[in-house]
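Novice: Got a structure for you, written out below as structure tokens; questions coming shortly.
A short reminder: the numbers here are calculations on the coordinates, not readings from a lab. If you're wondering where the values come from, they're calculated on a predicted model, not measured in any experiment. Ideal geometry is used to build each Cβ from the backbone, glycine not excepted, and the neighbour counts take in all protein chains shown.
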Amino acid sequence: MGRRPGTEKRQRTHMFTVRFSPQEADRARHLADRAGQSVAALIRQSLFNVPPPRAVRRPTVNHKAVAQLLGQLGKIGTNINQLAKQANAGRYQENTIELALRDLMELRTACLQALGREPDRPLDDSL
């Protein structure tokens, strides 16, 4: 019980509030993303000329890919609603559900790739 939680061990206890214009905020986020660090770490480095902390690698956001994925997700949601209506009407179609599941698995793979990660398992070709 002698150990303090990580938040109590922090030496940086003072906070400042700074206001940025939208353009300045975008630029600060962009510079921090490129450097692989938070905006606070970037400001601290700029002010005190200290080496940045070890950065946690954050994937860069591919906005075009994310927009496409959101569009695909919307289409899949529509398909699932249609499947639910068919099932409620007693018209169950197994192959349609399998196709929707395949679409979801492909979307999952695309999301992981957009994040710079490899999928942990390949698509099941039996569907």
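Novice: Quick check on the range 16-58: take the gyration tensor over C-alpha atoms, sort the square-rooted eigenvalues as a ≥ b ≥ c, and tell me if it's rounded (a/c under 1.5), prolate or oblate. Write out the running numbers ahead of the final one.
Specialist: Values: a/c = 2.30, a/b = 1.31, b/c = 1.76.
Here the range 16-58 falls in the oblate category.
Novice: Could you work out the local net charge near residue 82, counting Lys and Arg as +1, Asp and Glu as -1, over the other residues with Cβ closer than 13 Å to its Cβ? Don't skip to the end; give the middle numbers.
Specialist: Numbers: positive: 75, 85, 91; negative: 103.
Counting the neighbours of residue 82, the net charge comes to +2.
Novice: Please compute the modelled spin-label separation between residue 21 and residue 79, points set 7 Å along Cα→Cβ, answer in nm with one decimal.
Specialist: Taking the simple label geometry, residue 79 and residue 21 are separated by 4.6 nm.
Novice: Now a separate question. What percent do you get for the relative contact order of the range 16-58 when only Cα pairs under 8 Å and 6+ apart count?
Specialist: Computed value for the range 16-58: 31 percent relative contact order.
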